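Accompanying notes for the structure given below.
The values are calculated or read from the model by the stated rules, or taken from the named source; none is laboratory data. Computed from a predicted model, the values in this text were never measured in an experiment. When we count neighbours, we look across all protein chains shown, and the Cβ atoms used for this are built from the backbone with ideal geometry, even at glycine.
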Amino acid sequence: MSIAVDYVEKADQLVEAGRFFFERGWAPATSGNLSARLSDGSVAITVSGRHKGRLNRYDIMIVDASGRPLTGNRRPSAETLLHIALYRRNPELGAVLHSHSVQATVLSLLEQSELLLCHYELLKAFPGINHHNQEVMVPIVANDQDMTRLADTVEQRLQQQPSAQGYLIAGHGLYSWGESVEAASQHIEAFEFLFECELLMRRVRG
């Protein structure tokens, strides 16, 4: 098969994002998964079970627009369908990233169906937000080992909240996205900071 001309560039960006996530404590062990849409419509995505702090290009494989592997006999992330669903939903998306931080995991279990973020200056890191008093609602969906069913559940929630910039899976972690790997990584970074603030505020308030 021919490989998209931007594969190497996007693979290197995902490798860098994986190291950044691991260094910040957002992807312990082999958790998390990272992907980027390629110029031919295929998707570069992390191979299943790879440590995100030690990725190299070989750990970034290619799947088609339906999530079927196109390179070698490697197995893509178990959550590939969650990435594919987001790319189908929004043709402008260039990357989808998933983190497993302590704060995202804990908050996803403290709240039932959504997490409201407001009054934080860093909310302006997200598209369409230009004031600290605007609200960002983060949907929370129940975890499910059936990826087809989980992808359908996420799609239903995002149809209800189309302005969402990311979502949480209960007891699992955060998904966010952007027009590029850099933009998606910045959104993850902003969310993780905001989640840490939320947990600290709850401790202070008792």
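Structural remarks
- Members of the stretch 3-34 found to be among the small types (Gly, Ala, Ser) and touching a residue at least 24 places away in the same chain (Cβ under 8 Å), listed by number: Ala4, Ala11, Ala17, Gly18, Gly25, Ala27, Ser31, Gly32
- Test: residue in the stretch 127-136 that is in contact (Cβ under 8 Å) with a residue 24 or more places away in the chain, closer than 27 Å to Pro28 by Cα, of a type in the set (A, V, I, L, M) and part of a helix (DSSP H, G or I): no
- Whichever residue in the stretch 142-167 is farther than 19 Å from Thr80 by Cβ and of a type in the set (A, V, I, L, M, F, W, C) and, among such residues, is surrounded by the most Cβ atoms within 10 Å (Cβ to Cβ): Ala164
- Within the stretch 97-126, the residues that satisfy the criterion of being part of a helix (DSSP H, G or I) and more than 18 Å from Leu82 (Cβ to Cβ) are Val102, Gln103, Val106, Leu107, Leu109, Leu110, Glu121, Leu122, Leu123, Lys124, Ala125.
- Checklist (1) out of contact with any strand residue (DSSP E or B) (no Cβ under 7 Å at 6 or more places or on another chain); (2) in a loop (DSSP other than H, G, I, E, B); (3) among the polar types (S, T, N, Q) applied to Asn143, failing item: (1)
- Test for Arg74: is it in contact with an Asp or Glu (Cβ under 8 Å, 6 or more places away or on another chain), in a loop (DSSP other than H, G, I, E, B) and farther than 23 Å from Ala190 by Cβ: no
- Among residues of the stretch 22-70 being assigned to a strand (DSSP E or B) and among the β-branched types (Val, Ile, Thr), the one that is farthest from Tyr7 (Cα to Cα) is Val47.
- Search result, residues across the stretch 4-39 that are loosely packed, with under 15 Cβ neighbours inside 10 Å, within 19 Å of Asp64 (Cα to Cα) and either in contact with a Ser or Thr (Cβ under 6 Å, 6 or more places away or on another chain) or modelled with pLDDT under 95 (or both): Val5
- Filtered residue count, the stretch 159-186, keeping only those that are more than 15 Å from Phe126 (Cβ to Cβ), in contact (Cβ under 8 Å) with a residue 24 or more places away in the chain and either part of a helix (DSSP H, G or I) or among the charged types (D, E, K, R) (or both): 1
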